[in-house]
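Here the structure is laid out as C-alpha cells; the discussion comes afterwards.
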C-alpha cells in the first residue's frame, strides 16, 4: 500500500489521475466518464489501474452488479472532490484577491510635492483597498532611483536627472517654480517680466535639493550670485524668504499658502516660471506587486 512509502507520494503521482478518478466517480463508471472527458474507454481504464497501482489498493468494483467504491475508494473520492472544488474556486479567489488587496506599498519621493492628481489617486485607492498600507519616505532624486533598482521601494516620484534604461517613467505633472520674496523685502508687491532684472538681488538657495533645471535657469539669468542664505529643506528656505533675507525659488504649490496669507510675493509671471517635470517611476523587473500596479494605474488615469 502507499502508506509503506508515503513521504514522496505527492512528487511521484500524476495529478491528472485524481481528476480522472473524480470523473469516474461522478459518472458512476468508466464508460460514462470516458464519454464526459472525450477520451477512449481503454485510456480511462488504464488511468484507473495506474492510480490503483500507485496507491496499492483497489478503488472500485465494476461488473454486472454495477459500479461501487471500496472503503479506500470512498476516501480517495472525497480527496478528489476537495481538490476539484479548490481548483474550480481558484479563478474567483484570484478575482476576490484583486478586489480585496492587502499588503504594503513603499513610495520614495522628493519633498514638498503638491499635486492634486496624486492626492486624489491615493485617496481613491485607499477607499477601494483600505487594507493596503501606504508608506511614504522623503529623499533626494538620486536616492529615489537607487531604491527602485534595489527594490527597496515600489514607486518613485521625483524629477529625473538621468533616465535609466532599467526603469519606467510616466509624467505626473509639471511643477512650477517661481522666485518669491517676503513682506519686508524692498521688491514685495512688484512684478518683473525679465528674470535678469533680479540679477543683483540676494537669494536664498535650496542647496543640494535644487533641481538641475532650476540651477541652469538661475545661471542663464545671472541669479543667485549673491547668497543670503542656504537650506536643503525647501520649507526652511521659505522661512528665510518670509523673513526677507532674500529671494527664493519655490514650488508654486508649496508657496501658495504663504502667498494667500500675504507672507510671500511672486516676482515673475507664470509665463516666465521654471517648469520641472515630475515623474512616477517604477522598476519593471521588480517582483510583481498587484497593489503597486493598481496604485500606479490609479495615479496615471486620475483626471480632475
Within the range 248-304, count every residue that is out of contact with any strand residue (DSSP E or B) (no Cβ under 9 Å at 6 or more places or on another chain) and within 16 Å of residue 206 (Cβ to Cβ). 1
Could you count how many residues in the range 215-240 are surrounded by fewer than 20 Cβ atoms within 10 Å (Cβ to Cβ) and closer than 16 Å to residue 111 by Cα? 6
Filtering strands (runs of 3 or more DSSP E) wholly in the range 195-304 for at least 3 residues that are in contact (Cβ under 8 Å) with a residue 60 or more places away in the chain and under 27 Å from residue 168 (Cβ atoms) gives 274-282
Tell me which residues, restricted to the range 36-57, are surrounded by fewer than 14 Cβ atoms within 10 Å (Cβ to Cβ) and either free of Cβ contacts under 8 Å to residues at least 12 places away in the same chain or under 22 Å from residue 8 (Cα atoms) (or both). 38, 40, 42, 43, 46, 49, 53, 56
Scan the range 58-72 residue by residue and report those that are modelled with pLDDT under 90 and surrounded by 15 or more Cβ atoms within 10 Å (Cβ to Cβ). 67
Checking the structure you have, find out if any residue of the range 106-118 is touching a helix residue (DSSP H, G or I) at 6+ places or on another chain (Cβ under 7 Å), outside any strand (DSSP E or B) and more than 29 Å from residue 208 (Cα to Cα). no
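The values are calculated or read from the model by the stated rules, or taken from the named source; none is laboratory data. For clarity, every value in this text was computed on a predicted model and none was experimentally measured. Please note: Cβ atoms are built from the backbone with ideal geometry, for glycine as well, and neighbour counts cover all protein chains shown.
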